[in-house]
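Read the structure below first, then the notes.
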């Protein structure tokens, strides 16, 4: 409970003074008796035992009225968080070369599986050096010969693991390829659309979430050999819309994959060539950076670097919705006064 005028509570100190003055000013009637011994032996009736009740009711009435003067207010403090987050689109290569193996926490996994695992740590946090991105819009696009939106930009990061399960290596030669340009252009368009959607929501009185910056994290282990748009043209489009692109070249050295045969598991070399020049040019054009990630640990370090550079801002606004509660104290005070008057003119009536 909150008092709007707490200084009024100092009037409570006057109540004992008023009680003493009232007792001195009020004198009861008297009748002379030759002896009151027999009256003393008769004891006290219930009326006599409750003789101070009207005075108690008057004191309670004064207390309630003083509290009402202090204007008690009830309310609940609420905290509203206004987030200035980052919109992040992760663009992942799922072409056949991403089936090459990498080591991750003591296990041999495909490059694609490692990329998905580290990406999930980046978004959800790992309890150590990656705190997670709870205030950021996060989406994912995968690509081979054609780009696909796997997960739209969302703050509900709990939906990401099921979406990630659907990202698989290409299964047929017809869908294999590396359309870096088309995937990059699609990611840029998704980020631009998200900003326009949030702007429309603010005009309609929606939440005050604001995109602080727009980021694309592009991971590939090949070179652009499919699609209609050149990667540098897509980079120009991203730069025009104020989108930074962080490019990561996955893998390094001799790429191999495991092949199961009736005679056992064999390591088969895979041909792959990362177009580092194009990836580096994309990052330079958009204000991002280019990094090589030859293993899971170096990929983790790249995400940690991005996490340090791109941080969200959260502003907490506190406000309290108060309601006046003095009326209840006024009503209680009037009730005590009415009870006192009623008792004084009935049960405790004195003659003369």
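Which of the peptides 227-235, 184-192 is most tightly packed, and how do the rest follow, going by the mean number of other Cβ atoms within 10 Å of each residue? Don't skip to the answer; put the middle values down first.
Working: 227-235: 19.9, 184-192: 23.6.
The most tightly packed comes first, giving 184-192, 227-235.
Ordered by packing density, taken as the mean number of other Cβ atoms within 10 Å over each peptide's residues, highest first, how do 135-141, 304-310, 165-171, 11-17 rank?
On the way: 135-141: 23.1, 304-310: 15.4, 165-171: 13.3, 11-17: 11.7.
The densest-packed peptide leads the list: 135-141, 304-310, 165-171, 11-17.
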**Study point:** Gain upon complete extension [residue 120, residue 305; 0.36 nm per residue less C-alpha separation]
**Key:** 65.0 nm
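For region 67-196, what is the percent of antiparallel DSSP beta bridges, rounded to the nearest 5? Provide the component values of the computation, followed by the final result.
Working: 9 of 16 bridges.
If I count the DSSP bridges inside region 67-196, around 55 percent turn out antiparallel.
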Check your understanding: Of 146, 104, how do they rank once you tally other Cβ atoms within 10 Å and put the fewest first?
Key -> 146, 104
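Any read-out appearing in this document is the output of simple, stated calculations on the displayed coordinates, not a laboratory observation. These numbers were taken from a predicted model, which means no experiment stands behind them. As a convention, Cβ positions derive from the backbone with ideal geometry for all residues, glycine included, and neighbour counts pool all protein chains shown.
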